[in-house]
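**Q** Structure below; questions to follow.
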Amino acid sequence: MSSSPVLCKSPRVTVVGAGRVGSTLAQRIAEKNLADVVLLDIVEGMPQGLALDLLEARGLELHNRQIIGTNNYADTANSNIVVITAGFPRKPGMTRDNLLKINAKIVVESAKNAIAHSPHAIFIVVTNPLDVMTYLTWQTTGLPRNKVMGMAGVLDSARFETFIALELGILPADVKAMVLGSHGDLMLPLTRYATVNGIPITELLDTETIEKLVERTRNGGAEIVELMHTGGAFFAPASATSLMIESILLNQSRLLPVAAYLQGEYGLNDLFIGVPCRLGYGGVEKIVEVTLNDQEKAALQISANSVSNNIKKAQEILNN
């Protein structure tokens, strides 16, 4: 007699913060059929309303994922992945670092509450200033470094690829690029490694044009903030985070640039910063060290120094 089939428990992803990034991410996760979703926010009624709206679209989008909206962290229990998007977005003229004081306490509180109900979860941080907020999340949760990461490089790389494709008038999917460093003005787009179907962009574009695209990438978020006036990017950040979740839950072992904790890699220590990582079931399963020239090493060090200084500022804020 054949045994009954074993029903596997659906993976669960909690999204803390039901703003534009969080709600769009919840939609991406459900409609890509990656996991059940818990959408949490402190504003009563908002996550519940968004969850109901997404539930009503299930028949149209042909999936049956469970979507819960809540104000209670108890409803997030046993999540496989927790994504922190909670915090205040940038306004025109604001840098990501201006948000340090406002968002540090929000992220620490979110991480503390989430880890209490999902002690084995992998944490992905989206809140800005991202590298610092990821460090605070790691410090607060006490998780091993492979289980905490920040979403930065995937988004920045996608922006760089988009601008290259627009400049050349080609399909963005044919462009491959990687951006390292902090998620801000000091990020490091690796122009030497950027290719179009294997052809280096240095063969297709002149130095001045490439530098213009690099500068636009560094200011990619600010450009959107200035255009919108009332908020920042959310479609592309949600897509970037969704890609990371997909690589982890499906154990795809994709090589993606994410903010990871470094212990000597690239000559850096005790900070989170964007580097190429292999993402799978275990989270950050491997940090890949690519060869950098002297100019790139110097730029990465400057980026790292800025992150380290902001980590110290954040810790001072939290201790006062």
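**Q** So how far apart, in nm, are the two label points at Asn72 and Glu215 if each is 7 Å from Cα heading toward Cβ?
**A** Reported label-point gap for Asn72 and Glu215 is 5.4 nm.
**Q** Could you tell me, in Å, what Rg and Dmax come out for the Cα atoms of region 153-319?
**A** Radius of gyration, then largest Cα-Cα span, for region 153-319: 16.2, 51 Å.
**Q** Quick check on the chain: helices-only [θ] at 222 nm, where DSSP H runs of length 4 and up contribute -39,500 (n - 2.57) each and the sum goes over total residues. Nearest 500, please.
**A** Result for the chain: -13500 deg cm²/dmol, rounded to the nearest 500.
**Q** Going by how many other Cβ atoms sit within 10 Å of their own, how do Thr134, Thr241 line up, fewest first?
**A** Sorted ascending by nearby Cβ count, the order is Thr241, Thr134.
**Q** Let me ask something additional. What is the chain's relative contact order, in percent, from Cα pairs under 8 angstrom and six or more apart in sequence?
**A** 17 percent
**Q** Out of region 106-185, which trypsin sites (Lys or Arg not before Pro) are coil in DSSP terms and have no more than 14 other C-beta atoms within 10 Å? Kindly include the intermediate steps, with their values, before the conclusion.
**A** Details: sites: Lys112, Arg145, Lys147, Arg159, Lys176; in loops: none.
Passing sites in region 106-185 do not exist.
**Q** Counting other beta carbons within 10 Å of each residue's own, what order do Val288, Val83 fall into, fewest first? Can you show the working numbers first?
**A** Values: Val288 11, Val83 31.
The order, fewest Cβ neighbours first, is Val288, Val83.
**Q** Compute the length gained on full extension between Ile170 and Lys312: take 0.36 nm times their separation in residues and subtract their Cα-Cα distance, giving the result in nm to one decimal.
**A** This chain segment gains 46.8 nm when fully extended.
**Q** Between Leu55 and Gln263, what is the label-to-label distance in nm when each label sits 7 Å out along the Cα-to-Cβ direction?
**A** 4.4 nm
**Q** Please compute the length gained on full extension between Ile42 and Thr207, using 0.36 nm multiplied by the number of residues separating them and subtracting their Cα-Cα distance.
**A** Values: separation 165, 0.36 × 165 = 59.40 nm, distance 4.81 nm.
Length difference between fully extended and current span is 54.6 nm.
**Q** Something else: Evaluated at 20 °C with a viscosity of 1.002 mPa s, what Stokes-Einstein diffusion coefficient in µm²/s does region 129-213 have when Rh comes from the Kirkwood expression over alpha-carbon pairs? It would help to have the intermediate numbers written out before the result.
**A** Details: Rh = 14.1 Å.
It comes out at roughly 152 µm²/s.
**Q** Right, here's the next one. Can you give the three extents of the C-alpha atoms in region 140-190 along their principal axes, from longest to shortest, in whole Å?
**A** Taking max minus min along each principal axis of the Cα atoms, region 140-190 gives 47, 22, 14 Å.
**Q** Still on this model: If you bin the C-alpha pair distances of region 58-134 every 10 Å from 0, what whole percents do you get?
**A** Histogram of Cα-Cα distances, whole percents per bin: 17, 40, 27, 14, 1.
**Q** Using only the alpha-carbon atoms of region 73-224, report the extent along each of the three principal axes, biggest first, to the nearest angstrom.
**A** Cα extents, longest axis first: 53, 33, 22 Å.
**Q** OK, next. Once the cut-off is 15 Å, how many percent of the Cα-Cα pairs in region 247-306 end up in the long-distance tail?
**A** In whole percent, the share of Cα-Cα pairs in region 247-306 beyond 15 Å is 50.
**Q** Expressed in whole Å with the largest first, what are the equivalent ellipsoid semi-axes of the chain derived from the C-alpha gyration tensor as the square root of 5 times each eigenvalue?
**A** 31, 23, 20
**Q** Taking the chain as a Gaussian network, Cα atoms linked when under 10 Å apart, which of Ala111, Ala299, Ala121 shows the biggest mean-square fluctuation?
**A** So, out of Ala111, Ala299, Ala121, the one fluctuating most is Ala299.
**Q** Report, to one decimal in Å, the Kirkwood hydrodynamic radius for region 101-168 based on all distinct Cα pairs.
**A** It is 13.1 Å.
**Q** I've got another one for you. From the alpha carbon gyration tensor of region 12-150, can you work out the equivalent ellipsoid semi-axes (sqrt of 5 times each eigenvalue) and give them in Å, largest to smallest?
**A** Details: eigenvalues 118, 61, 32 Å².
With the √(5λ) rule applied to region 12-150, the semi-axes are 24, 18, 13 Å.
**Q** Can you give me the angle between helix 207-218 and the longest principal axis of the chain, using Cα atoms only, in degrees from 0 to 90, rounded to the nearest 10?
**A** For 207-218 against the chain, the angle is about 30 degrees.
Quick note: the coordinates plus some simple rules give every number you see, no bench work behind them. Since the model is a prediction, treat every value here as computed from it, not as a measurement. We place every Cβ from the backbone using ideal geometry, glycine too, and count neighbours over all the protein chains shown.
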